[in-house]
Structures are given as C-alpha cells and as structure tokens.
Amino acid sequence: MRRIPNLVSSFALHIILLASTCIPFTLSQPSVPWKEGNGDLADQICKKTPFYDLCSSILHSNPLSPKPDLKGVALLMVNNILANASDTLSYIEGLIKSTSDRELEQALAFCAESYIPLVKYILPQAADAISQGRFGFASYCISDALKEINSCNKKFSGASQAPLGDRNDIVQKLVDVASAIIKLLLKG
Amino acid sequence: MVIPIPSSASDSELPCSYIPVADGPHSHSGAEPRPRLKKGVFVISCGLLLLFLSLFAFFNGQTQTLPNVSTWQPLSRGVSSGVSEKSTSLLNAYPWNNTMLSWQRTAYHFQPQNNWMNDPNGPLYYRGWYHFFYQYNPKGAVWGDVIVWGHAVSRDLIHWLHLPLAMVADQWYDKNGVWTGSATILPDGQVIMLYTGSTNESVQVQNLAYPADPSDPLLVDWIKYPSNPVLFPPPGIGAKDFRDPTTAWLTSQGKWRITIGSKLNKTGIALVYDTIDFKTYERVEGLLHAVPGTGMWECVDFFPVSNKSESGLDTSINGENVKHVVKVSLDDDRHDYYALGSYDEKNVKFTPDDSKNDVGIGLRYDYGIFYASKTFYDQSKGRRVLWGWIGESDSEYADVAKGWASVQGIPRTVTLDQKTGSNLLQWPVAEVESLRLRSDEFENLTVKPGSAVPLEIGTAAQLDIVAEFEIDKEALEKTVESNMEYKCSTSGGAAERGALGPFGLLVLADDDLSEYTPTYFYVVKGSDGHLKTFFCSDQSRSSLANDVGKKIFGSFVPVLKDEKLSVRILVDHSIVESFAQGGRTCVTSRVYPTRAIYGAARLFLFNNATEGTVTASLKVWQMNSAFIRPYHPDQRN
C-alpha cells in the first residue's frame with residue numbers, strides 16, 4: 001500500500017476525531033420522532049451510511065411507526081431491499097425468457113441463481129433476526145447478501161451490455177446501507 | 001525391541017510398540033530417533049547432499065532434463081543401501097518441525113479447528129444453508145475416545161462457519177460413540193436424522209434425532225427421540241455389524257425405506273427397513289443387495305441418477321430414464337466402491353449392470369485416500385453432492401504433534417457419464433471457482449521426452465489447474481503394441497519410462513526436484529492396436545520424510561475417440577485432488593513435503609516418456625483461502 005501523504009492522513013485524523021465526538025452525542029439522543037426538530041433520526045442514521053441520499057430518500061418516503069428507533073429503521077431498510085430484490089429477480093427472469101442470446105442467458109441465469117436464495121432465505125432471515133434482536137446473525141446474512149449481489153455484478157462488469165441497468169447496482173447500495181445500520185445496532 | 005513412546009502421546013490410547021504399516025491411511029510410527037542413530041542420520045544427510053549436488057548438475061536452462069532411470073532410485077534406499085530394512089524402520093520419526101507441520105493445514109478444504117475428524121454425516125440443505133456434520137473426537141488428534149457429531153454451516157459449500165457440537169455421547173445408547181448417520185428431509189420440510197449409536201455395551205443401534213427448533217435456520221440444537229433406540233441388530237446379524245443408516249426414500253406404498261450395511265460371514269450385505277414415522281420399523285424380507293467376499297459394508301449409500309439429464313435426482317425418484325447406484329465403504333480395504341444398476345422396487349432388489357464389476361469389486365469413487373463418503377440431494381440447485389473423508393497418510397506421532405488429523409474432500413457433484421453409460425462423473429462443485437484469484441495461461445507448450453518444464457506461476461501451494469495433453473501422432477502410430485498390463489500401484493510411478501508415458505504435472509515440487517508429486521497419464525498401446533490410458537498420482541517422491549505414505553494411486557481411465565487427455569488438479573497444501581477426463585477417474589492424495597513448502601513450492605510440466613512428445617495447454621489459478629472459522633453472532637464478521 002502506498003504511503004498516505006501526511007496532509008491527507010492528518011485530515012483523515014481530524015474527520016475521525018470529529019465523527020467520534022458526534023456519534024456518542026447522537027446515539028445518546030432518545031428516540032426522536034420523524035421529521036421533528038433538528039437532527040432528525042433518519043438524517044443521523046443516514047450520515048453514517050455510505051449512501052446518504054439513497055438512505056435518506058427511502059426513510060423519508062416510507063411511513064414509520066410513531067416511535068422509530070434504530071432497529072425499526074434497519075428492519076425497514078431490509079424489507080425495502082427484499083422488495084427491490086424480488087423485483088429485480090422477476091426482471092431477470094423476464095429477460096431470460098425474452099432473450100435468444102445464449103451467452104446472455106447464461107449470465108442472467110447465474111444472476112437468478114444468486115437472487116433466488118437472497119429473496120427466499122437470506123433477506124427474510126435477516127429481517128427475522130433483526131426483529132428478534134439477533135443482530136449478529138443479521139450481520140452475517142447481510143454480508144452473505146452482498147456476496148450474492150457482487151457475484152451477479154461481476155458477470156456483467158466489463159461487458160458491453162448491462163441488461164440489468166441500474167437495478168443490481170441499486171440493490172447493492174441498499175445492502176451497503178443496511179450493513180452500516182446493522183453495524184450500528186451491533187455496537188449497542 | 002521396545003520403542004520409546006514420545007511423551008506427547010501419553011494422554012491418548014496409542015499402542016506400546018509401533019510397527020510401520022506399509023499400507024492404509026495411518027502408518028503407526030512414533031519412535032524418536034535414539035542418540036546413536038543420529039550418526040546414521042548424519043550419514044544419510046551427507047548422502048542426500050551428494051545426491052542433490054549431482055541432480056543439480058543435471059539441471060540447466062529453462063528446460064530441464066530428467067535424469068535417466070538408474071539415478072531415479074528412491075532416495076532413502078539409494079543412500080542407505082547396506083542399512084537393513086529393519087534398522088531403517090527405527091529411523092521412523094522424521095524430525096518434523098513446526099514450520100513444516102503448520103504448512104500442512106489446508107486453506108480451502110473443510111476441517112475443524114483441531115483434533116480428529118472422520119466420516120461425513122447427515123449433509124443437507126435447509127432454509128438457505130448447507131449443513132455439514134462429521135465424526136469428531138473433541139479430545140485428541142486420533143480416532144478413539146468418544147466420537148461425537150461436529151457441525152458447520154455454509155451458504156455455498158465452500159465458506160464454512162463452525163457451530164457448536166450437534167450431538168454428544170450423553171445417552172446409554174450412544175455412550176461409546178455417536179456414529180455415522182444420514183438426514184432425510186420430508187416433503188413438508190421436516191428434518192429427520194438417523195444415526196448409529198454405540199451403546200454402553202458397544203452394541204450398534206440406530207437412533208432418531210431432529211432439530212430442537214425448526215425455525216432456526218442454523219439448526220444449532222438437536223433433540224434425541226426419547227424412546228431411542230429405534231432399531232436393534234436383528235437376529236442373525238452381529239451386534240457390531242449394524243451401522244450407518246442411509247437417507248430414506250419413499251416407496252410406491254407411501255412408506256419410507258432405508259438400508260443399513262452389514263455382513264454375513266464374508267459377504268457384504270445391505271439390510272432393508274420400512275417405516276412410516278421413523279420411530280417404528282419393519283424389516284423387509286431379503287436384502288437390497290449382497291456381494292460375496294467383500295466383507296463388512298460400511299456407510300452404504302443408495303441413490304438414483306438420471307441417464308437423460310445432467311441434473312441430480314431426489315433420493316425418492318424412480319422410473320424411466322433413471323439408473324440407481326449402490327455405494328459401499330469396505331471395512332476390509334478402506335476403499336469406497338460403487339456400481340450402477342437397476343432397482344426393482346417391488347422385489348426390493350438392486351441388480352448391477354455389470355456383475356463382474358459389482359459393488360466392492362469394481363469401480364471406486366476415488367483411487368486414492370477417500371472413504372466413508374456420502375451423497376445428498378441439494379434441492380436448491382438440483383444436484384447430487386458427494387462428501388468424502390480424506391484421512392492422513394502421515395504418522396500418528398505427527399498428527400498428535402500438529403494437533404489435527406483429516407480433512408474433507410471438496411464436495412463433488414455426481415452425475416452419470418452419459419457418454420460411456422457405465423461410470424459416474426465427479427467434479428468439484430462450481431462454487432469452488434469463487435476462490436480463484438489471478439491466473440496464468442500456457443498454450444501449446446511442447447514437452448520433449450525426458451524433460452521437465454518449470455511453470456512460472458508464483459506460489460504453488462493453493463492452486464486450481466486445468467490442463468490438456470496431446471501426444472504427437474507419429475509416436476502414437478509408431479509405438480509397438482504390447483500386452484503389458486500397467487497398474488499404477490505396482491508401477492515405478494513417474495520414474496518408470498514407457499514409450500507413451502508417464503507425462504503430466506509435478507505439483508508441490510521444489511526447484512531441485514528433491515521432492516515432487518507427479519500426477520500423470522500413462523498410455524499403452526494394447527495388442528489390439530487400441531490405446532489404453534492410465535491416470536496416477538505418485539507419492540513416492542513427494543517428501544524426504546520416511547514416515548509418510550509413499551504409494552502410487554490411480555487407475556485406468558476411459559478416453560473416448562477424439563478426446564484430448566484432460567485433468568483438473570486442486571492443490572491445497574497437504575491435499576492434492578485430481579480429476580481425469582472430466583471426473584471419470586479421480587485420485588486424492590495426501591502429501592507432506594519438507595522442502596517444497598511455502599514459497600519454495602513449484603509447479604512443473606513433465607514428460608518422462610521415451611518416444612512421445614507431449615503438447616500441453618493449461619490454465620493455473622491461485623486459490624484464495626475459504627476463511628473457515630467459528631460462527632460468532634456477537635462479533636461483527
């Protein structure tokens with residue numbers, strides 16, 4: 001690994017220091033109802049995920065229980081991924097039926113093989129685990145989910161066609177967001 | 001003469017004197033060299049040094065010439081000529097050190113963190129997870145003490161997470177061992193486990209167990225049926241000849257049927273039982289199959305294969321386009337055999353297609369170290385998957401020193417070979433390919449007779465190799481016919497030169513070729529003018545240590561017209577698994593080099609034939625670790 005220039009490393013250090021003072025501050029807040037007051041919960045949480053905008057748009061466009069908490073947010077995110085992944089699976093299956101390109105069909109079939117366990121087992125088990133407070137198991141499920149999506153992604157990276165368009169990419173980002181949220185749950 | 005027992009072995013039940021066993025997976029040698037034998041070791045080391053120098057002088061430039069036959073004596077014998085066989089045996093324990101021993105652990109094959117493992121048990125797929133159970137000794141690195149069921153889960157048959165022990169020996173009916181068993185998944189999703197218990201009086205009985213919480217996808221906790229045992233040895237069957245119940249299959253009467261191996265005198269047999277609820281059983285008259293002279297049938301497996309498609313079949317399937325397989329592990333020779341045939345459900349009879357190659361006397365799954373294997377139907381991917389126990393072929397002393405013994409083979413898909421119709425094909429599951437990192441490709445390399453070509457691939461202890469070979473047509477035509485019968489196990493291995501073989505790859509070799517493991521083809525032109533091909537794995541020069549297995553494993557491999565010779569080899573430290581002609585003939589071996597380890601391990605192409613020039617094309621991938629580790633739900637992974 002190349003040595004990070006001193007300027008960059010001191011900048012990173014500052015960011016880390018800043019973040020580490022903010023995090024305990026925000027987590028110590030009691031459950032804040034949605035859209036009320038400054039620092040709304042969705043905002044706090046989404047700031048700690050790799051895709052703030054995506055996270056924010058999902059949380060703000062979904063009706064939530066009167067007392068949202070981190071666990072509820074994680075659950076909401078996982079259910080959202082499940083919906084998206086189911087959708088993507090149907091789309092893949094539709095593409096398989098309509099294509100006559102042998103190679104494309106094989107690549108799509110491979111992706112379907114990745115999405116089926118995702119939709120059938122991995123995401124539902126992650127949701128169950130979160131509801132039951134088994135955040136460690138949920139964490140395992142989410143990283144398995146990421147593996148499945150990545151292996152589907154690899155089939156099309158570099159290829160001239162991207163039949164899944166943005167779909168696989170979006171699901172991947174959603175999983176990255178969920179993963180970050182579950183890590184927060186694990187921290188306590 | 002009493003040989004001193006090494007102190008590290010004092011807490012296990014090892015015998016008092018060690019006799020090096022020439023064959024079998026364990027060579028019991030545990031003596032430490034006596035002080036006056038150090039002089040012998042010094043003489044041998046000097047001799048070895050001289051030999052290395054002379055070999056080194058031979059090798060120059062890119063293409064290395066292999067020494068001629070006379071210098072290819074097994075190193076220890078060539079140097080210690082004059083030292084009698086008996087005194088050689090006293091030099092049993094090679095001075096293994098930690099560096100050499102810790103290298104032996106595999107990177108992507110299933111093994112527990114430590115201690116002894118043997119038979120695979122109850123493999124199944126449940127709610128998105130593959131489950132693997134196994135015979136495990138929690139107390140040490142040798143078989144014995146009391147065997148229990150280990151447990152691990154994986155999403156993909158490759159990346160495993162260790163779970164707590166599934167079942168321990170806590171009942172009178174399995175007090176002396178929780179032995180091998182199989183899983184049956186009912187149509188409604190219920191999981192049934194049947195297993196053999198060795199009772200407090202060492203009687204072999206069958207027991208029922210099931211998950212404590214079916215909603216737990218990890219199936220961590222298990223309940224033993226309160227009214228166990230469900231089956232006792234029937235009259236006429238020995239109390240210690242009744243074990244390893246199979247997965248059940250549905251009969252046309254709607255009952256579940258299982259088979260259990262046993263023996264009557266020297267005839268291996270498969271008993272049959274029917275059940276509705278897995279709690280009470282009726283013995284079905286007669287036997288599913290029997291073969292005289294084969295001895296005790298352990299780990300019987302019975303399953304259908306399609307002769308129309310490449311998919312696996314659920315164990316209950318029967319009918320058109322279906323052939324059945326009976327597989328047994330023969331206690332007498334520690335090998336796994338199978339036969340293809342037809343299953344007459346009404347008469348409960350299996351009839352082999354070729355009675356000359358019946359179960360136990362014909363084909364083997366694997367011609368190396370591979371035992372107690374078991375298949376299961378993977379309903380998520382529609383395939384039949386085979387697990388096999390790969391024991392050690394080093395000394396018990398080394399196993400105890402390194403703290404573990406045995407690995408499992410990479411799970412293999414099993415299908416009927418549609419082209420020959422008379423054998424199965426085994427192939428590593430596709431998921432193993434997810435471990436592939438960077439690759440090196442070599443096209444049309446010419447390897448002249450009597451030469452070895454080093455392949456620049458970087459490190460060579462974790463590899464996936466796919467190679468194709470062709471012998472030059474002229475040599476094929478010119479070669480004289482012979483009625484010579486080649487047999488890998490009795491041949492001189494890669495040192496015995498023929499007109500059209502041996503040629504192949506030298507894995508886990510070091511630069512000076514003081515250690516190397518040839519995986520090779522040996523082609524013979526029969527008296528009818530047709531070519532016959534043999535596929536072998538040669539351990540005889542795999543290690544300078546003299547307390548490890550040195551056999552040559554292998555068999556005939558069918559090669560059809562216009563087929564090139566092809567091989568796939570998975571190298572993973574002390575295990576080498578090779579598959580010829582798409583999995584028609586498989587050979588697994590264990591190797592324990594002392595020099596060709598870590599960064600010193602190399603890969604060579606070689607051709608030790610006298611006439612044929614070989615053209616080889618191959619692709620070699622570096623393999624990642626599978627990071628097999630314990631499941632920790634409290635930590636972030």
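For residue A:92, the stated conditions hold: it is over 25 Å from residue A:40 (Cα atoms), open to solvent by less than 20 Å² (accessible area, probe 1.4 Å), assigned to a helix (DSSP H, G or I) and away from chain B (no Cβ under 14 Å). Among the residues of region B:468-482, at least one is crowded, with 20+ Cβ neighbours inside 10 Å and either without any contact (Cβ under 8 Å) to a residue 24 or more places away in the chain or farther than 21 Å from residue B:618 by Cβ (or both). Condition first: at pLDDT below 95, in contact with a helix residue (DSSP H, G or I) (Cβ under 9 Å, 6 or more places away or on another chain) and buried (at least 20 other Cβ atoms within 10 Å of the Cβ). Can you find one or more residues in region B:554-565 that meet it? The answer is no, given that none of the residues of region B:554-565 is at pLDDT below 95, in contact with a helix residue (DSSP H, G or I) (Cβ under 9 Å, 6 or more places away or on another chain) and buried (at least 20 other Cβ atoms within 10 Å of the Cβ). Screening residue A:154 with (1) over 30 Å from residue B:634 (Cβ atoms); (2) more than 11 Å from chain B (Cβ to nearest Cβ) gives one miss only, at (2).
The single condition from (1) under 16 Å from the mean Cα position of the chain (by Cα); (2) of a type outside the set (A, V, I, L, M); (3) on the phi > 0 side of the Ramachandran plot that residue A:71 fails is (3).
Every condition in (1) more than 10 Å from chain B (Cβ to nearest Cβ); (2) under 21 Å from residue A:70 (Cα atoms) holds for residue A:104 except the one numbered (2). A count restricted to region B:202-221 and to residues that are assigned to a strand (DSSP E or B) and either within 14 Å of chain A (Cβ to nearest Cβ) or of a type in the set (Gly, Ala, Ser) (or both) stands at 1. Residues that are more than 14 Å from chain A (Cβ to nearest Cβ), assigned to a strand (DSSP E or B) and of a type outside the set (A, V, I, L, M) within region B:129-148 comprise B:132, B:133, B:134, B:135, B:136, B:137, listed in sequence order.
I'm checking my understanding of the structure. Among residues of region B:149-159 that are more than 19 Å from the chain's Cα centre (by Cα) and within 14 Å of chain A (Cβ to nearest Cβ), which one is most open to solvent (accessible area, probe 1.4 Å)? Per the criteria, the residue is B:159. The residues in region B:93-132 that are aromatic (Phe, Trp, Tyr) and closer than 22 Å to residue A:144 by Cα can be counted, and the count is 7. When region B:582-617 is filtered for residues that are among the polar types (S, T, N, Q) and surrounded by fewer than 23 Cβ atoms within 10 Å (Cβ to Cβ), the ones remaining, listed by number, are B:594, B:610, B:613, B:615, B:617. Just one of the listed residues (A:115, A:140) is more than 9 Å from chain B (Cβ to nearest Cβ) and surrounded by 14 or more Cβ atoms within 10 Å (Cβ to Cβ), namely A:115. Residues in region B:188-201 that are in contact with a helix residue (DSSP H, G or I) (Cβ under 9 Å, 6 or more places away or on another chain) and in a strand (DSSP E or B) were compared, and the one that is farthest from the other protein chains (Cβ to nearest Cβ) is B:198. Comparison of B:631, B:598 shows that the only residue that is aromatic (Phe, Trp, Tyr) and within 14 Å of chain A (Cβ to nearest Cβ) is B:631.
Where strands (runs of 3 or more DSSP E) fall entirely within region B:222-311, those with at least 1 residues that are under 22 Å from residue B:384 (Cα atoms) and open to solvent by less than 10 Å² (accessible area, probe 1.4 Å) are at B:256-264, B:267-275, B:297-306.
Only residues that are away from every other protein chain (no Cβ under 14 Å), within 30 Å of residue B:99 (Cα to Cα) and part of a loop (DSSP other than H, G, I, E, B): list them for region B:601-627, please. Within region B:601-627, B:601, B:625 meet the criteria. The residues of region B:352-400 that are touching a residue at least 60 places away in the same chain (Cβ under 8 Å), more than 17 Å from the chain's Cα centre (by Cα), open to solvent by 10 Å² or more (accessible area, probe 1.4 Å) and closer than 14 Å to residue B:333 by Cα amount to a single one, B:361.
The values are calculated or read from the model by the stated rules, or taken from the named source; none is laboratory data. Keep in mind it's a predicted model, so treat the numbers as computed, not measured. Neighbour counts run over all protein chains shown; Cβ positions are idealised from the backbone, glycine included. Heavy atoms of the whole protein, side chains included, go into the accessibility calculation; ligands, DNA and RNA do not. Shrake-Rupley method; radii C 1.70, N 1.55, O 1.52, S 1.80 Å.
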